[in-house]
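Visitor: Can you read through this structure? Questions will come right after.
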Amino acid sequence: MTIASRRTAVPRGEAFEDMADGGQGIERKPLKISRSPSLRQRSFSTLAVKSIHTMDLQQLPPLTALRAFAAAAQAGSVVGAADRLNVTHSAVSHQLRLIESWLGCKLFDRHAASVTLTDAGRRLFASTARALDDIGRVCAEIRGQRPATALTLACPGSFMLQWLIPRLDDFEARHPQVVLNLQTGSDLGRLRAGHIDALVYCGRGTHPREVSEILLADNDIGPICTPAQAKTLARPRDVLSHALLGTESYPAGWTIWAQAHGLDAARLRPRRSFGQWVYMIQAAIAGLGVGIAPSVLVREELAQARIAAPLGFVPSGDRISLCVLRRRAQEPAIAALADWLGTLHGQPAAG
């Protein structure tokens, strides 16, 4: 369940109107059975009112407080819940205190930058999640549309520009009910705080227990250059006769590649260094030298013969993965995103 996706589907107010029919009676004619809309409406409304009368509405907490609780439980933080509901941090805190006071027990254990559910909170969230999903689905059906789920994905800028954005229309065509919002960055802290829903990670580190990592691809790297320059690169040591290009975001690139080929890494010092992969790739296309880049970031350029990789690619020891909170890994929208990002192993984007 994604609370952010219910902003337009779940009512903000705490009251609802009784929609009982106000008809004034049924017109009767001799030897004819009336099938007027007011009869059907009256019958349905009578049943609806009787059903409502079986509910003890006094047993329900304030619905605004319930929504704040569900958002905080899903986001794992008060700040994350405030972002999802488009309200202030203090407003969410107030609603959480209200529902805890109403129930007479704690629903969360508070930490410096996060909240975790107590046993009572877990029981309430399991029921609340189902109920709010049902409400959102029915409201969307009444309005004639399926509910959309908004996900915020953070990833390195070069990955976003070189791989993700050119393929975004494919994701939207396959999953039209998932709205993918993009941010640059690789801070796991924002994921744990609930500011983002998922994170594309490139590295070899370990993650906290609450973070689930879904492997997408190994991060292979190799020299890239213009097709004309590629004719002069028959062996790994041939790169020594060219101006080398590197990046500040991955300064170990040439060292890792040199070690894989038994070369002296000290001799492979870049003449030019760029802030991100995307700039260095453009420099290589312009013929400014031989760059070192991940294969996943240059598939388009290789397919279009804008650049060449005459010496192939070698494993860097890093991995490209999707990180999500473990408790949310099975959510349909997140699972769809993970499956789609698995096309890292597939073909270049069309176009």
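FYI, it's all coordinate maths here, none of it is from the lab. Remember, predicted model here, so these are calculated numbers, not experimental data. Quick reminder, even Gly has a Cβ in these numbers, built from the backbone with ideal geometry, and neighbours come from all protein chains shown.
Visitor: Tally Lys/Arg at +1 and Asp/Glu at -1 over every other residue whose Cβ is under 13 Å from the Cβ of LEU124; what's the total?
Guide: Charge balance near LEU124 sits at +3.
Visitor: Between THR149 and residues 5 or more places away or on another chain, which pairs have amide H atoms under 5 Å apart, with H built 1.01 Å from N, and which residues are they?
Guide: So THR149 has HN proximity to VAL178, VAL179.
Visitor: Now for a different question. Could you please rank LYS106, LYS231, placing first whichever residue has the fewest other Cβ atoms within 10 Å of its Cβ?
Guide: Lowest to highest Cβ neighbour count: LYS231, LYS106.
Visitor: ³J(HN,Hα) across the stretch 249-262 via Karplus (A = 6.51, B = -1.76, C = 1.60, θ = phi - 60°), whole Hz, x for Gly/Pro?
Guide: 6, 8, x, 7, x, 5, 4, 4, 5, 4, 5, 5, 10, x
Visitor: Give the long-range amide H neighbours of VAL115: residues separated by 5 or more places, or on another chain, with amide H under 5 Å away, using H modelled in the peptide plane at 1.01 Å from N.
Guide: SER77, VAL78
Visitor: Restricting attention to the alpha-carbon atoms of the stretch 105-263, what are Rg (one decimal) and Dmax (integer), both in Å?
Guide: Taking only Cα atoms of the stretch 105-263, I get Rg and Dmax of 23.1, 73 Å.
Visitor: For the stretch 219-315, just list the percent of Cα-Cα distances falling in each 10 Å bin from zero outward, please.
Guide: 18, 59, 23, 0
Visitor: On to the next question. Fewest first, what order do SER316, SER241 take by the number of other Cβ atoms within 10 Å?
Guide: SER241, SER316
Visitor: What value does the stretch 182-221 have for Rg/Rh, both radii from Cα atoms and Rh as Kirkwood defines it?
Guide: 0.95
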